[in-house]
Ligand SMILES: [Zn+2]
Ligand SMILES: [Zn+2]
């Protein structure tokens with residue numbers, strides 16, 4: 001896949017809160033996810049590249065928002081899809097991760113029994 005074009009705008013806006021507790025696009029489509037990533041520019045919460053639909057990277061390319069931060073409890077790394085490397089970023093607007101009671105994979109009730117076989 002081609003690198004994300006660099007936007008003229010900043011890649012990280014620490015004032016924007018996350019879009020919600022789960023993958024925005026999976027919620028719309030009735031899908032499920034493994035881990036969650038948060039767009040550091042607009043707060044879009046999407047599913048990771050191991051998830052069936054890979055919505056976080058799809059958003060990064062479509063919106064040209066190249067940096068995500070993990071939305072998993074206990075993880076605080078940023079990833080840049082342009083450099084394909086981790087980077088340091090500022091503290092973002094809370095919440096920093098999805099609700100602890102939310103299962104992984106999630107959401108509750110939509111994860112198939114053979115979910116491990118469906119990971120990328
Ligand atoms: Zn998703
Ligand atoms: Zn975004």
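Please compute the contact order of the range 49-120 in relative form: average sequence separation of alpha-carbon pairs under 8 Å and at least six residues apart, divided by the residue count, as a percent. Kindly include the intermediate steps, with their values, before the conclusion.
Numbers: 61 pairs, mean separation 21.0, N = 72.
After rounding, I find 29 percent.
From most to least packed by mean Cβ count within 10 Å, the peptides 20-33, 38-51, 91-104 give 38-51, 20-33, 91-104.
Computed extension length for residue 87-residue 118: 8.3 nm, one decimal, from 0.36 nm per residue of separation with the Cα-Cα distance subtracted. Summarising the label geometry, the points placed 7 Å from Cα in the beta-carbon direction at residue 10 and residue 104 lie 2.9 nm from one another. Prolate is the label for the range 9-120, because the ratio a/c of its alpha-carbon gyration tensor axes (a ≥ b ≥ c) is 1.5 or higher and a/b is greater than b/c. Shown is the FRET efficiency for residue 76 and residue 29, computed with R0 = 30 Å from the Cβ-Cβ distance and rounded to the nearest 0.05: 0.60.
Our summary gives the range 1-108 a relative contact order of 29 percent, counting only alpha carbon pairs under 8 angstrom and 6 or more residues apart.
Each reported figure results from applying straightforward, stated rules to the coordinates on display, with no laboratory input. All values derive from a computational prediction rather than experimental measurement. Glycine gets a Cβ as well: all are built from the backbone with ideal geometry, and neighbour counts include every protein chain shown.
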